[in-house]
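So the structure is just underneath, and the comments pick up after that.
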Amino acid sequence: MRCTERAYAKINLTLDVGAKRADGYHEITSVMQRISLWDTVTVERGTGCDSLLCSVPVTEDVNDNLCMKALRVFFTETAMESGGVSITLEKHIPTQAGLGGGSSDAAAVLLALRTLYAPRMTDMRLERLAEKLGSDVPFFIRGGTQLAIGRGEIVTPLPPLTAGWFVVVKPEESYSTAEMYRRLDACGGMAAEDSRMEDAVAGNNVHAIAAELRNSFERAVPEDSRLWDIKAALRAQGALGTLLSGSGSAVFGVFDDRKEAAAAAMTLRRTWPQVFVTQPV
């Protein structure tokens, strides 16, 4: 018996990073949005042994992959026997992009395991399991539009955003999340949050959303980074606003028209091969 789930990417419409806590994490506040770019995760039960097959090379030890960690967490916490589980991962979300691909894959594994082994398990219980895997994994259990606080693991649903298009560009360069936090700490002057983006989302107002985009990590991006070129190129192609997603290195532009977004993407692909036209889901 098998189950296939779509593991959607996310962008951060806002990401306000506060001071470092005693436990080493930073307090964050973020309006997160799921978008129509996804990996495909297929989980099959009763295969005799646990395995992971990925469509792209896995550079880490397979047991360190978040999908395999999700497998272990699920069966440890539920005390169920797996009988062996096979995970097949078809990757489309760029890695080290700030789009949450690895976290979304792990959440998709949890969702599939629930379907196969524990269909009565609540979303809340599944989110508690997701917390053990990473700060943004709980977001992907429900997806949509959510406000994340704490270290990102405490999520509250917002009115679903249905308007607008996002052109996502992933440059060749990538940033380590840990390094970006170090750079941000060195910058000082943590950003203050407000609720204007939440109001813009509630009103489904694309222009207001574009006006309220903000990400503390942009202050940690080097001056000579190509990310600034991408932001300028998106604006030149008509983007209403642009922003780094997460700690990078993907950048997105906001458009209110699908044809404009598609035309912009076509132009941008001449310079940056990894360009995606997406919408909120």
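Observations, loosely collected:
- Considered as a group, the residues in segment 155-176 that are loosely packed, with under 14 Cβ neighbours inside 10 Å and more than 30 Å from Glu260 (Cα to Cα) include one that is modelled with the lowest pLDDT, and that residue is Ser176.
- You will find that of Asp194, Asp199, Asp224, the residue that is of a type outside the set (Phe, Trp, Tyr), within 24 Å of Gly18 (Cβ to Cβ) and modelled with pLDDT under 95 is Asp194 and no other.
- Residue ID - nearest to Thr177 (Cα to Cα), chosen from residues in segment 105-140 that are assigned to a helix (DSSP H, G or I) and of a type in the set (Ser, Thr, Tyr): Thr115
- For segment 94-139, a tally of residues being acidic (Asp, Glu) and in contact with a Pro (Cβ under 9 Å, 6 or more places away or on another chain) returns 2.
- Looking across segment 191-243, the residues that are in a helix (DSSP H, G or I) and of a type in the set (Gly, Ala, Ser) come down to Ala200, Ala202, Ala208, Ala210, Ala211, Ser216, Ala220, Ala232, Ala233, Ala236.
- Restricting Asp185, Asp194 to residues that are farther than 30 Å from Asp224 by Cβ, surrounded by fewer than 20 Cβ atoms within 10 Å (Cβ to Cβ) and in the same structural domain as Gly246 (by TED's automatic domain parsing) narrows the list to Asp194.
- The set of residues from segment 142-173 being within 15 Å of the chain's Cα centre (by Cα) and of a type in the set (S, T, N, Q) comprises Thr145, Gln146.
- Evaluation of Ala22 against the conditions (1) more than 19 Å from Lys132 (Cβ to Cβ); (2) in contact with a strand residue (DSSP E or B) (Cβ under 8 Å, 6 or more places away or on another chain); (3) of a type in the set (Gly, Ala, Ser) shows that the sole unmet condition is (2).
Per-residue answers, yes or no, for (1) in a strand (DSSP E or B); (2) among the hydrophobic types (A, V, I, L, M, F, W, C); (3) out of contact with any Gly (no Cβ under 6 Å at 6 or more places or on another chain):
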| site | (1), (2), (3) |
| --- | --- |
| Arg34 | yes, no, no |
| Thr42 | yes, no, yes |
| Leu52 | yes, yes, yes |
| Pro57 | no, no, yes |
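- Filtered residue count, segment 70-85, keeping only those that are over 15 Å from Gly101 (Cα atoms) and not in a loop (DSSP other than H, G, I, E, B): 9
- Residue check, Glu60 of a type in the set (Asp, Glu), at negative phi and either touching a Phe, Trp or Tyr at 6+ places or on another chain (Cβ under 8 Å) or exposed (fewer than 15 other Cβ atoms within 10 Å of the Cβ) (or both): yes
- Residue pairs whose Cβ atoms lie under 9 Å apart, sitting 6 or more positions apart in sequence or on different chains, and linking a residue in segment 91-111 that is free of Cβ contacts under 8 Å to residues at least 40 places away in the same chain to a partner that is of a type in the set (S, T, N, Q) and surrounded by fewer than 24 Cβ atoms within 10 Å (Cβ to Cβ), are Gly102/Asn65; Gly102/Thr95; Ser103/Ser135.
- Among the residues making up segment 143-169, those that are outside any loop (DSSP other than H, G, I, E, B) and farther than 18 Å from Leu213 by Cα are Ile154, Val155, Thr156, Pro157.
The values are calculated or read from the model by the stated rules, or taken from the named source; none is laboratory data. Because the structure is predicted, anything quoted here is derived from the model rather than measured. So basically every Cβ, Gly included, is an ideal-geometry build from the backbone, and we count neighbours across all protein chains shown.
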